[in-house]
1. Sort region B:1-75 into rounded, prolate or oblate with this rule: let a ≥ b ≥ c be the square roots of the eigenvalues of the Cα gyration tensor; rounded if a/c is under 1.5, and if a/c is not under 1.5, prolate when a/b is larger than b/c, oblate otherwise.
2. When N is the residue count of chain A, what does its C-alpha Rg come to as a fraction of 2.2 N^0.38 Å?
3. For a quick check, take a GNM of chain B with Cα springs below 10 Å and name the residue from B:Thr122, B:Thr148, B:Thr218 with the largest mean-square fluctuation.
4. Out of all DSSP beta bridges in the protein assembly as shown, what portion is antiparallel? Express it as a percent rounded to 5.
5. In the Gaussian network model of chain A, springs joining C-alpha atoms below 10 Å, which of A:Val189, A:Val213, A:Val95 carries the largest mean-square fluctuation?
6. How high is the FRET efficiency from A:Asp12 to A:Ser55, r the C-beta distance, R0 22 Å, rounded to 0.05?
7. Among B:Ala160, B:Ala102, B:Ala115, whose mean-square fluctuation peaks in a Gaussian network model of chain B (Cα, cutoff 10 Å)?
8. Over the Cα atoms of region B:31-150, how large are the radius of gyration and the largest Cα-Cα distance (Dmax), in Å?
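Derivation of every value follows stated rules applied to the coordinates shown; laboratory data play no part. A quick note: this is a predicted structure, and the numbers were derived from the prediction, not measured. A quick note on method: Cβ atoms are made from the backbone with ideal geometry, for glycine too, and the neighbour counts reach across all protein chains shown.
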Amino acid sequence: MIRLEAVTFAYDGEPVYEGLDLEIPTGDIVAFMGPNGSGKTTLLKLIAGLVEPDSGTVTVETGAQTDESTESPAVGLAPENPDDGLFAATVREEVAFFPRNRGLPVDEHVDRALERLQIETLVDRTPQTLSQGEKRLVSLASVLSGDPDVIGLDEPTSGLDTPARDRLGEHLAALDRTILVATHDTDFVWEHAETALVLEAGTVHRQGPVEAVLGDADLDVESLGLRVPGPVRWAREHDFETPPASATEAAEWLGGGKQ
Amino acid sequence: MSRGVTFDPRAKLALVVSVVGAALATVSVQRASLLFGLFAVFVVLTGSLPVRAWTRSLAPVAYLLPILLVLNTIFYAGGQVYWSVPLGPVALSVTAGGIQTAVLIAIRLLVIAGAAAWFAGTTSAEAFELGLVSLRVPWSFAFLLSLTLRLVPEMRRRFAVIEDAQRSRGLDLSGGPISRVRARIPMLLPFFVAVIRYGYELSEVLTARGFEDIDDRTSLVSIGHGPADFAVYLLAVVVLVVSIVA
């Protein structure tokens with residue numbers, strides 16, 4: 001469980017959170033959503049220990065390991081722009097950075113991370129010369145290789161075309177970690193996340209299973225700077241109560257399989 | 001951007017130029033220290049920039065000062081020799097003159113950085129640009145200078161983002177000054193890439209918006225002198241005259 005208790009945080013006197021209480025289940029893909037300035041990235045940074053709350057506590061408990069310090073992070077964070085983290089001459093060196101800092105067996109962790117994201121062929125390439133999608137995967141591998149219990153991703157679908165976005169979702173789903181995703185991309189959340197957490201002006205507006213939150217007709221998603229996910233929009237346009245699970249199911253419904 | 005007393009950018013520029021001129025003109029450690037002290041008092045009294053923000057903007061200079069002090073102490077020689085080690089045909093020495101010169105250069109740097117930080121922290125890029133144009137600086141050149149002013153906070157923000165990206169992968173920034181500097185090496189490449197990309201993107205955006213065809217321009221902001229500005233001009237003249245005469 002990731003637990004924030006009475007967390008207050010301000011940037012240069014501008015309050016972001018005032019007495020925030022929050023519990024985030026571990027083991028899932030959890031999406032942080034909300035309009036610009038609602039505190040999504042700050043929440044990631046607080047959990048990763050990159051910024052300290054002005055008051056209150058942030059506790060990360062994942063399985064047997066509890067980590068409340070930044071010195072040996074149990075939380076790895078991939079930045080919104082992968083270029084902000086990529087510095088090494090080769091992908092191998094880039095991915096080796098985190099396990100080396102944590103004192104883990106470097107080669108073993110690098111090979112495993114590259115294999116899990118299926119980017120072994122990039123191992124000798126220079127990170128800066130890769131495509132945006134490849135950089136995103138290398139950035140993710142460079143976090144995964146440090147074996148963190150929690151992986152934070154800031155706007156991971158930004159700048160990705162649809163196939164790359166889908167591949168990223170599949171890769172994330174295959175990881176047995178808690179993954180926190182700060183994003184505006186509700187379609188990506190609908191397809192790949194289990195839990196949704198909607199932030200607004202430093203407070204938790206909604207929290208729960210993705211289908212319950214984003215499929216709730218009472219939630220004015222657009223007023224929160226978000227788009228209604230495609231399947232939900234489709235279901236509402238065609239007067240179905242629940243969104244279809246797939247395009248095939250939608251076709252069947254239209255064919256008369258469901259009223 | 002500014003709180004407390006606000007000044008016209010031209011008046012601020014005059015004061016900064018005179019303080020920098022005075023810092024370069026003085027050859028006395030005591031006078032350079034006095035100049036820094038008086039300028040700090042001015043910053044506090046006018047309240048145009050929070051003191052914490054001013055001192056924080058001087059923090060990067062703290063990395064340079066020890067290097068300057070050591071190098072200048074060794075490479076400037078004069079007066080009583082405290083310590084010396086022969087290195088082939090030359091000798092590295094710590095002398096009274098060397099120490100005095102090193103301290104003087106360090107304080108000069110503090111004065112210049114302090115004045116520049118105050119100016120940058122209290123002046124919007126638009127006001128700076130307009131101030132230069134009113135001083136008959138060609139607009140394109142004034143605009144380029146104002147861009148450098150905009151670049152400072154942007155680059156600071158970029159560096160913070162890059163630092164976070166590396167810290168979240170276990171980068172340890174604790175320890176002594178040397179280990180902290182070494183730990184920051186992985187940040188340099190992303191930082192330079194970000195700076196270069198920023199330059200290219202800005203260049204493209206300006207070209208796409210007809211930067212080369214600019215003639216006379218109007219501005220959304222306006223500047224004008226008030227009573228406080230004339231006091232600042234007077235202060236600038238006094239600082240300059242005292243530094244020359246004394």
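1. prolate
2. With N residues counted in chain A, Rg over 2.2 N^0.38 Å equals 1.05.
3. Among B:Thr122, B:Thr148, B:Thr218, the largest mean-square fluctuation in the Gaussian network model of chain B belongs to B:Thr218.
4. Within the protein assembly as shown, antiparallel bridges account for around 60 percent of the total.
5. A:Val213
6. Once the sixth-power term is evaluated, E becomes 0.85.
7. Of the options given, B:Ala160 has the highest mean-square fluctuation.
8. Every Cα atom of region B:31-150 included, Rg and Dmax give 19.4, 57 Å.
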